[in-house]
Amino acid sequence: MHIRLLSLGVVIAWLVTLTLGQGIAQKKKRPNTSQNKGFVLVIDPGHGGKDTGRLRGSKSMKHEKSLNLTIALKLGKYVKKYLPHIKVYYTRTTDRYLSLEERVDFAHGKDADAFISVHCNSVEHKQVHGTELHIHSFDLPASKYLAKLINKQFKQRAGRKVRGIYDADKRQKNFYVVQYTRMPSVLVECGYMTNTSEEKYLNSDRGQSIIASAIFRAFRVYTQSKRPRERREIVYQVQLMATQKPISPDSEHFKDVPKEVKRVPNKHSKKYKYRYVTGWEYTLKGARRLLNEIHSVGFKEAFLVASKSGR
Ligand SMILES: [Zn+2]
């Protein structure tokens, strides 16, 4: 009896060790699995369905949504052919509507390592032409690196006029898909549909192939090099003030604030129910720079708030 009890104890101890051991083994295994999941690229052809993007200049041309899709599919085809270890997903492969939020959610769902959105540009002045690359912030090293590589390919190999790399500060506008994606992300403007000769180029099979292969070559260099890490787990915003009664974020009060102001509910106070925030920074460096700017335009009490990005 004594022996049996003892052996039972041993068995229990052994079971406990085994279970713990498994737990440890699983814990160790999990990061490995995600590391070994392979590189995932999400390609996002801009617009689609009821959202045509820029309308074609004439009947013989195509709407922006179709150009974006054709170039995006070509890009994906090159990646699948020449970099077969990379997993490629498209936010859409047909002419269907998707909200910006759905595109970002899709990329997060696929645990993407890079996100490339494909668009064609337009502007009032017909002379304007060339490519542009858009990222959320120059403080995001991997996004910046990928944008630089694409820009270089456009200029040196594709012989395009390059208009450079823009971030939210430079263009004075946030672009949803590069702002909210938590992985390195670039939005490529392949050229201006409002420029007659560039529109023809964008509509030609040759032009589309040159653009897609330029993006592909840049992406290949990106995946094969020791690229910088980019962290987007924490988002910093500047809180300007809080009020008892709501005031419009567009009011005169905020006219000197360099970025868009948003009014959000204040969960921390029953009296001051509304708080006003600005900025969307993924680095403390960028956040401090913005805070200084906000202080200098008169919001002396402004401070930083940090939150986990995503839901
Ligand atoms: Zn577009």
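The values are calculated or read from the model by the stated rules, or taken from the named source; none is laboratory data. Fair warning: this is a prediction, and the values are worked out from it, not measured in the lab. With ideal geometry, Cβ positions are generated from the backbone for all residues, glycine too; neighbour counts draw on all protein chains shown. Ligands, DNA and RNA are stripped out before the accessible areas are found, and what is left, the full protein with its side chains, is counted by its heavy atoms. Shrake-Rupley method; radii C 1.70, N 1.55, O 1.52, S 1.80 Å.
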Exposure ranking of THR91, THR223 by accessible area [1.4 Å probe, largest first]: THR223, THR91
Å² per residue, accessible surface of the chain at 1.4 Å: 57
Highest-fluctuation residue, GLU132, GLU101, GLU199 considered, GNM on the chain with Cα pairs under 10 Å: GLU101
Cα→Cβ-extended label distance, 7 Å offset, between LYS226 and HIS108, nm: 3.3
The chain - percent of accessible surface contributed by carbon and sulfur, probe 1.4 Å: 54
Listed residues TYR82, TYR282, TYR222, most fluctuating in the chain (Gaussian network, C-alpha, under 10 Å): TYR82
Solvent-accessible surface (1.4 angstrom probe) belonging to ARG157, in square angstrom, nearest 10: 150
Whole-angstrom gap from segment 254-286 to segment 40-82, using each part's C-alpha centre: 36
